[in-house]
Amino acid sequence: MSKDKKKVIQLAYGEMAPYALKSLLKEFSVTAIVTPPGETVRFGRTHKLPVELIAEENNIPVVQTNNYADIRELMKENKPDALVICSYNKILPFEILTLTKCINVHHGDLPRWRGRANLNWAIITGRKKGGVTIHEAVPDLDAGNIYSQHIIPISNAETITTLYEKVNNFVEKELGKTVIEVLQG
């Protein structure tokens, strides 16, 4: 771990997680990745997630837990400068959100499109744009201050795969830089 780089922990397992980790690794010492235990991921899993494979390649500990006490203890042990949440499957309680700067990456253009599956619903309902928002994680779902946002036009030929590709490219390019800017005030 580089002494001059700030430390982050990433909570993630979804489609965006490996892109977020690649971005964070450019700017930070990532001290741990938290993913849900295999039995809690939809339909279970018998393989490692892409984000876990990248973590292993970079000697980053992977902690598989949904237990808030475990996450809180990991935060206290690592003392990260930020906790970055990307497609994690739990809403964190206030006591964890107060341990460090907590930043969430949301598939949707906030403040209007809160909650889950925004990109899917954007396509289903024929919206002409979607987005990705990097914002402050607060106790209210998807309600914190917006740090960065990228609006993505949706063509008639768009699929969820092509839309996720656009979002993930933005996350890989911008997340690490945005987190640095947030930590610098």
* **Measure of compaction for the range 119-185 (Cα Rg per 2.2 N^0.38 Å)** => 1.23
* Asked: With springs only between Cα atoms under 10 Å, which of 73, 52, 27 fluctuates most in a Gaussian network model of the chain?
  -> 73
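Between residue 128 and residue 67, what FRET efficiency comes out of the Förster formula 1/(1 + (r/R0)^6) with R0 = 30 Å and r the beta carbon distance, rounded to 0.05?
Calculated value: 0.15.
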* Structure fact -> Here, residue 95 and residue 59, labelled 7 Å along Cα→Cβ, have an inter-label distance in nm of 3.4
* Could you give the angle, 0 to 90 degrees to the nearest 10, between helix 68-78's Cα long axis and the longest principal axis of the Cα atoms of the chain? -> 60
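Need the full-extension length gain, residue 181 to residue 159, defined as separation in residues times 0.36 nm minus the C-alpha distance. One decimal, nm.
Working: separation 22, 0.36 × 22 = 7.92 nm, distance 3.22 nm.
Stretched fully, the residue 181-residue 159 segment lengthens by 4.7 nm.
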* To do: Taking the dipole about the Cα centre of the chain, with the C-beta of Lys and Arg at +1 and of Asp and Glu at -1, give me whichever of 9, 168, 25 is farthest to the positive side.
  => 168
* Asked: In debye to the nearest 20, how big a dipole does the chain give about its Cα centre with +1 on each Lys and Arg Cβ and -1 on each Asp and Glu Cβ?
  -> 280
* **Under 17 Å from the Cα of residue 101 - aspartates and glutamates, other chains or at least 8 residues apart** => 27, 73, 77, 81, 136, 140, 142, 181
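So, by mean Cβ neighbours within 10 angstrom, what's the order for 75-83, 53-61, 97-105 with the highest one leading?
On the way: 75-83: 17.7, 53-61: 15.0, 97-105: 20.2.
Ranked from most to least packed, the peptides come out as 97-105, 75-83, 53-61.
Please work out how much length the chain gains when fully extended from residue 146 to residue 26, using 0.36 nm per residue of separation minus the C-alpha to C-alpha distance, in nm with one decimal. Don't jump to the answer; show the numbers that get you there.
Working: separation 120, 0.36 × 120 = 43.20 nm, distance 2.21 nm.
Length difference between fully extended and current span is 41.0 nm.
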* Mean ellipticity per residue at 222 nm, deg cm²/dmol - from DSSP H runs of n ≥ 4 across the chain, formula -39500 (n - 2.57) -> -10500 deg cm²/dmol
* Asked: Using Cα-only point scatterers and the Debye equation, what is log10 of I(q)/I(0) for the chain at each q in 0.10, 0.12 Å⁻¹, rounded to two decimals?
  -> -0.37, -0.54
* **Mean accessible surface per residue for the range 53-185, computed with a 1.4 Å probe while every protein chain stays in place, in Å²** => 53
* To do: On a 0 to 90° scale, report how tilted helix 160-183 is relative to the longest principal axis of the chain, with both axes built from alpha carbons and the result rounded to the nearest 10.
  => 40
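The values are calculated or read from the model by the stated rules, or taken from the named source; none is laboratory data. This structure is a prediction, so every number in the text was calculated from the model and none was measured. No Cβ is skipped: glycine too gets one built from the backbone with ideal geometry, and neighbour counts run over all protein chains shown. Quick note on the areas: whole protein, heavy atoms, side chains included, nothing else; ligands and nucleic acids left out. Shrake-Rupley method; radii C 1.70, N 1.55, O 1.52, S 1.80 Å.
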